[in-house]
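Below: the structure, in structure tokens.
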Protein chains: 2
Amino acid sequence: MKLHWSPRSPFVRKVMVAAHELGIVDRIECVRSVAAMMTPHAELMKDNPLSKIPAMTLDDGTPLFDSRVICEYFDTTYGPKLFPSEPKARFLALRRQALGDGMLDFSVLWRGELMRGERKSDQLIASFTARRAACLAALEREADALHHGPFTIGHIALGCALSYFDFRFADLPWRDGHPRLTQWHATFAMRPSAKATEAVDDS
Amino acid sequence: MKLHWSPRSPFVRKVMVAAHELGIVDRIECVRSVAAMMTPHAELMKDNPLSKIPAMTLDDGTPLFDSRVICEYFDTTYGPKLFPSEPKARFLALRRQALGDGMLDFSVLWRGELMRGERKSDQLIASFTARRAACLAALEREADALHHGPFTIGHIALGCALSYFDFRFADLPWRDGHPRLTQWHATFAMRPSAKATEAVDDS
């Protein structure tokens, strides 16, 4: 199976962490694709008209995107391990994934906003700042629970979202005031699947 | 169960279409919540720190978001009907949902960009225009297949995405050159679940 991939995309990282957790990395042919917000990518759009990564094509030509769909496909085909089937555990994992993905969504927009220079919207940046604070506060309350139960797609998404702060907002002291979350994130970052997929800015 | 709701949000509409298809609308207590990109909503953030709708709280206090998670919860609890369990059918439905959601994501950003007036980015708008064209072309190729098989969450997301063009970009001639997709969308718009949830701009 072919994966449109980049070492900088946090959503690609989710997929690769899942692949490592499931032991299927060698089944994936990674094709480097630069999916910039400003510039549509003609080759990528043949597989995903949204021009976003990750996007996958199975050996029979079936297209699969976005990261949630690819991760669930991996787990259904080679697991199950990361997506619980029991409803209470499943919707906890899926809600955590939605939180991590949502943090990534506003973080990517936030970074794009800062790159506008003088044309940036201070109101929008203030809105992202408030959301970030609320997400970190909510996760600090939930951090002890993250250590319990199985490691799921929810943990992967949250770990990738927090690591993205370190990668793209290195001066952001997100750990301040969040000791439990800091501790949980350290356990995520030490997993082999996380170490093998650390973001690289090789641009 | 309590739902942060708005008659204008296309992602809320997905959830409400699913609720109508499953016959559970009367179980949902809708609370009107205005989730503006620029302005975090303190009350909403208690239930979803991302400050986005739809966000749901179950009677036992369990939070559920975003639209994908809420729709799957409905289907697991009161279905199954909209999320196939057989893998091939399931991942087709989930990929279609991701396409519809992705079209909504860039459409919402596109509208926000136009509202910036002179500070808007022409390059970003051109990028959205190219993505929209690619998505419509891909869907035109897939339109006949949309009529076959069960009506799924994928159909709901695509229907809501196309209807959002009509609601927020009324002058956009998206039907031009896409006769099959136009025909499929008409069958979506005629469903009772779609009629009952048509977007209203009452601002």
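Readers should treat all values here as calculations from the given coordinates under stated rules, not as data from a laboratory. As the structure is a computational prediction, the values presented were derived from the model and not from experiment. As a convention, Cβ positions derive from the backbone with ideal geometry for all residues, glycine included, and neighbour counts pool all protein chains shown.
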What relative contact order, as a whole-number percentage, does chain B give when Cα pairs under 8 Å and 6 or more residues apart are counted? 27 percent
Given only helices, namely DSSP H runs of n ≥ 4 each adding -39500 (n - 2.57), what is the per-residue ellipticity at 222 nm of chain B, to the nearest 500 deg cm²/dmol? -18500 deg cm²/dmol
Run the numbers on the range B:1-47 and let me know its relative contact order in percent, using alpha-carbon pairs under 8 Å that are six or more apart. 48 percent
The answer for B:Cys30, listing residues at least 5 apart or on another chain whose modeled amide H is closer than 5 Å to its amide H, is B:Leu3
On the formula 1/(1 + (r/R0)^6), with r taken between the Cβ atoms of B:Arg180 and B:Arg111 and R0 of 25 Å, the FRET efficiency rounded to 0.05 is 0.40
Let me spell out the model: positive unit charges on the Cβ of Lys and Arg, negative unit charges on the Cβ of Asp and Glu, origin at the Cα centre of the protein assembly as shown. What dipole size does that give, in debye rounded to 20? 120 debye
Where only alpha carbons of the range A:91-203 are counted, the Rg and the Dmax (Å): 14.4, 47
For chain B, take the convex hull of the Cα atoms, compute a quarter of its surface area, and give me that in nm², please. 11.8 nm²
For the protein assembly as shown, inverting the pair-averaged 1/r of distinct alpha-carbon atoms gives a Kirkwood value in Å of 21.6 Å
Student exercise, chain B dipole from Lys, Arg, Asp, Glu Cβ charges, in Debye to nearest 20: 320 debye
Out of B:Val200, B:Thr39, B:Tyr164, whose Cα points farthest toward the positive end of the dipole of chain B (charges: +1 Lys, Arg; -1 Asp, Glu; placed on Cβ)? B:Tyr164
So which of A:Lys14/B:Lys46; B:Lys46/B:Lys81; B:Lys81/B:Lys195; B:Lys14/B:Lys81; A:Lys14/A:Lys81; B:Lys46/B:Lys120 end up more than 22 Å apart by C-alpha? A:Lys14/B:Lys46; B:Lys46/B:Lys81; B:Lys46/B:Lys120
The set of residues whose placed amide H lies less than 5 Å from the amide H of A:Ala55, leaving out same-chain residues fewer than 5 positions away, is A:His4
Where N is the number of residues in the range B:26-85, Cα Rg divided by 2.2 N^0.38 Å: 1.23
List the trypsin sites (Lys or Arg not before Pro) within the range B:159-203 that fall in a DSSP loop (any state other than H, G, I, E or B) and whose Cβ has at most 16 other Cβ atoms within 10 Å. B:Arg175
Taking the simple approach of a point 7 Å from Cα along Cα-to-Cβ for both B:Asp166 and B:Ala137, what is their distance in nm? 2.5 nm
